[in-house]
Amino acid sequence: MTNYLAAINPVALKLGPFEIHWYALCIVSGVVLAVFLAMKEAPRKKIKPDDVLDFILMAFPIAIIGARLYYVLFEFGYYSKHPSEIFAVWNGGLAIYGGLIAGTIVLVVFSYYKMIAPLDFLDIAVPGVLIAQAMGRWGNFVNQEAYGHAVKSLNYLPDFIKNQMLISGKYRTPTFLYESTWNVIGFVIVLALRHRLKWLKSGDLFAFYLVWYGLGRFVIEQMRTDSLMLGPLRVSQILSLILVIVGVIIWCYHHRPSKYFLNKQ
């Protein structure tokens, strides 16, 4: 599934029989940064930073399992013939949506037992999730996955990206880069505005994330050649539309006209 004649070796470090892959480093680095950002923001929502740490220790392994399970289920035709590769997550094959779904379920359950408002917890997680997703896509880059259709050239990109996107003799659309850039832009928007817009309500940042990521992923997914499919439909595009719809509903509900305003009319 992966072209190992890549310009960049997917193994970052080898210690005897143990190998540390760039893919894992990108994911772990993103998670560490996400936790740091959430712990710094937590007191604003009257959430203990230690609760953020406790949550991630529970959620991270479950999210990885969810991401892998999601991917394997939609590629079961391949993995049923190669069962030994099911656990080879270092070669790629972690579906972001699977991880998000599993992580969100853990967050809701954790919030219930810790008596934390789930929307507050989701709000403080948004910047970290965006930047972690942006960093994780560079793991896909090293593994030469999550790319798009063949193109004539990539001369507008630095050589290290262009060379890595030369796959099977053809340059490929760097969809990993598009999604990473989109997430970084969303990250910057959230950090720049979340403390300046006084009318933001609990859950608004989460709603923004759903719409922002959903729209970007829907468009970029259409360019990819390795989409998980459900019949003729791209699974990630279906889920992207659901995210956008849910995000719009949350936003509209939070900012619906108040009864007082309606009575004044």
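The values are calculated or read from the model by the stated rules, or taken from the named source; none is laboratory data. On a predicted model such as this, the values are computed, not experimentally measured, just so you know. Glycine also receives a Cβ, built like all others from the backbone with ideal geometry; neighbour counts cover every protein chain displayed. In case anyone asks, the SASA skips ligands and DNA or RNA and just uses the protein heavy atoms, side chains included. Shrake-Rupley method; radii C 1.70, N 1.55, O 1.52, S 1.80 Å.
Here is how the numbers come out for the structure above:
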quantity: 0 to 90° range, to nearest 10: angle between helix 49-74 axis and the chain longest Cα axis; calculated: 50 degrees
quantity: Under 16 Å from residue 114, Cα to Cα: lysines that are on another chain or at least 8 residues apart; calculated: 45, 46, 48
quantity: Burial ranking of peptide ranges 18-28, 126-136 (average Cβ count within 10 Å, highest at the top); calculated: 126-136, 18-28
quantity: Degrees separating the helix 204-221 axis from the principal Cα axis of the chain, which is the longest one; calculated: 30 degrees
quantity: Counted charge near residue 210, where neighbours are those whose Cβ lies closer than 14 Å (Asp, Glu -1; Lys, Arg +1); calculated: -1
quantity: Reciprocal mean inverse distance between Cα atoms of the chain - Kirkwood radius, Å; calculated: 19.8 Å
quantity: Residues in the range 49-83 reached by a label modelled at residue 246 [backbone nitrogen below 18 Å; 7 Å Cα→Cβ]; calculated: 59-60, 62-71
quantity: Qualifying chymotrypsin sites (Phe, Trp or Tyr not before Pro) in the range 111-218, DSSP loop, other Cβ atoms within 10 Å at most 11; calculated: 156, 199
quantity: Residue 88-residue 197 FRET efficiency (beta carbon distance; Förster radius 41 Å; 0.05 resolution); calculated: 0.40
quantity: Sequence-separation-based contact order of the range 22-89, relative, with Cα cut under 8 Å and 6+ spacing, percent; calculated: 17 percent
quantity: Sparse-neighbour loop sites [trypsin sites (Lys or Arg not before Pro); the range 185-220; at most 10 other C-beta within 10 Å; DSSP]; calculated: 196, 198
quantity: Prolate/oblate/rounded call for the range 151-231, Cα gyration tensor, a/c under 1.5 rounded; calculated: oblate
quantity: Contour minus Cα-Cα distance for residue 15 and residue 223 (0.36 nm per residue); calculated: 71.1 nm
quantity: Span from the the range 14-50 Cα centroid across to the the range 95-153 one, whole angstrom; calculated: 12 Å
quantity: CD proxy at 222 nm, helix term only [per DSSP H run n ≥ 4: -39500 (n - 2.57); per residue of the chain; nearest 500]; calculated: -20500 deg cm²/dmol
quantity: Anchor residue 152: lysines whose Cα lies under 20 Å away (excluding residues fewer than 8 positions away in-chain); calculated: 162, 170
quantity: Area accessible to solvent at residue 50, 1.4 Å probe radius, in Å²; calculated: 100 Å²
quantity: Stokes-Einstein translational diffusion, the range 1-79 - Kirkwood Rh over all Cα pairs, 0.692 mPa s, 37 °C, in µm²/s; calculated: 213 µm²/s
quantity: Relative contact order (percent, whole number), the chain, Cα cutoff 8 Å, 6+ residue spacing; calculated: 20 percent
quantity: Linear extension gain, residue 36 paired with residue 162, 0.36 nm per residue minus alpha-carbon span; calculated: 42.1 nm
quantity: Efficiency of FRET from Cβ geometry, residue 256 and residue 28, R₀ 25 Å, rounded to 0.05; calculated: 0.05
quantity: Cα gyration tensor, the range 80-143 - rounded (a/c under 1.5), prolate or oblate; calculated: oblate
